[in-house]
Amino acid sequence: MSGIFGLYNQDGKPVTASDTGSMASLLERRGPDRTGMWREGPVGLGHTLLATTPEALFEHLPLAHSASGCTITADVRLDNREQLLTDIGLIERTDTIGDAEIILQAYLLWHEACVEHLLGDFAFAIHDSRHKTLFCARDQFGVRPFYYHYSSGRFFVFASEPRAILALEKVSNILNEGRIADFLISQL
């Protein structure tokens, strides 16, 4: 499985190359085929590719859609590619379009409801510069990992592995013992 990561500084501070670089270096073993990073102001997205399908070789992530201002990073394998391509109107691109681009096109058509149309394993994040939002989702069974940390009003960070999140100095690595106790009590 590929690795994805990203950071959204809600305080408006620009994402630095060292922020995305430190996260990428910890995920490169997940995706040894290619590493890509994208930064624009307070948002940075990244991807480490493990090419498991022929279509993945055509895709360079993160992928920016210039007409809409949306950018996606994704770890994905869609089971209903043909149906989605038909529904979106891109059936002629079956062999040259990657699964992440299909999800981005589905988002442009159905917005957040795009996940209702997806079958397969996925974890993705789409930055929509028009609305200044970061929309994230993963498959219902959680096959593709998606870990995150949110610091209210400051930043939101996500990655395929927790250690990539902890690579950022602003993320505390102190355990929340109260939350652990809450979890254990509900299990008993």
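The values are calculated or read from the model by the stated rules, or taken from the named source; none is laboratory data. Being a predicted model, the structure only gives us computed values, none of them experimental. With ideal geometry, Cβ positions are generated from the backbone for all residues, glycine too; neighbour counts draw on all protein chains shown. These accessible areas exclude ligands, DNA and RNA; they are computed on the full protein's heavy atoms, side chains included. Shrake-Rupley method; radii C 1.70, N 1.55, O 1.52, S 1.80 Å.
Points to keep in mind about this one:
- Residue in the stretch 52-69 that is surrounded by fewer than 21 Cβ atoms within 10 Å (Cβ to Cβ), in a strand (DSSP E or B) and at pLDDT 95 or above present: yes
- Single condition Leu26 does not satisfy, out of (1) touching a helix residue (DSSP H, G or I) at 6+ places or on another chain (Cβ under 7 Å); (2) among the hydrophobic types (A, V, I, L, M, F, W, C); (3) assigned to a strand (DSSP E or B): (3)
- Filtered by the rule that a residue be farther than 25 Å from Gly44 by Cβ and either in a helix (DSSP H, G or I) or modelled with pLDDT of 95 or more (or both), the stretch 81-103 gives Arg81, Glu82, Gln83, Leu84, Leu85, Thr86, Asp87, Ile88, Ile91, Glu92, Arg93.
- Criterion (over 17 Å from the mean Cα position of the chain (by Cα), open to solvent by 90 Å² or more (accessible area, probe 1.4 Å) and among the charged types (D, E, K, R)) met by exactly one of Arg163, Arg154, Arg138: Arg154
- Answer residue from the stretch 170-188, given it is of a type in the set (A, V, I, L, M) and outside any helix (DSSP H, G or I) and is most open to solvent (accessible area, probe 1.4 Å) among those: Leu188
- Inter-residue pairs, beta-carbon under 6 Å, first closer than 24 Å to Ser172 by Cβ and without any contact (Cβ under 8 Å) to a residue 12 or more places away in the chain and in the stretch 141-152, second acidic (Asp, Glu) and open to solvent by 60 Å² or more (accessible area, probe 1.4 Å), 6+ apart: none
- Number of the condition not met by Gly41 [criteria: (1) under 19 Å from Tyr8 (Cα atoms); (2) in contact with a strand residue (DSSP E or B) (Cβ under 8 Å, 6 or more places away or on another chain)]: (2)
- Residues that are hydrophobic (A, V, I, L, M, F, W, C) and open to solvent by 60 Å² or more (accessible area, probe 1.4 Å), drawn from the stretch 18-49: Met37
- Residue check, Leu108 surrounded by fewer than 20 Cβ atoms within 10 Å (Cβ to Cβ), touching a residue at least 12 places away in the same chain (Cβ under 8 Å) and out of contact with any Pro (no Cβ under 9 Å at 6 or more places or on another chain): yes
- Whichever residue in the stretch 1-20 is in a loop (DSSP other than H, G, I, E, B) and hydrophobic (A, V, I, L, M, F, W, C) and, among such residues, is modelled with the lowest pLDDT: Met1
- For the stretch 1-17, the set of residues classified as under 11 Å from Gly46 (Cβ atoms) and β-branched (Val, Ile, Thr) consists of Ile4, Val15, listed by residue number.
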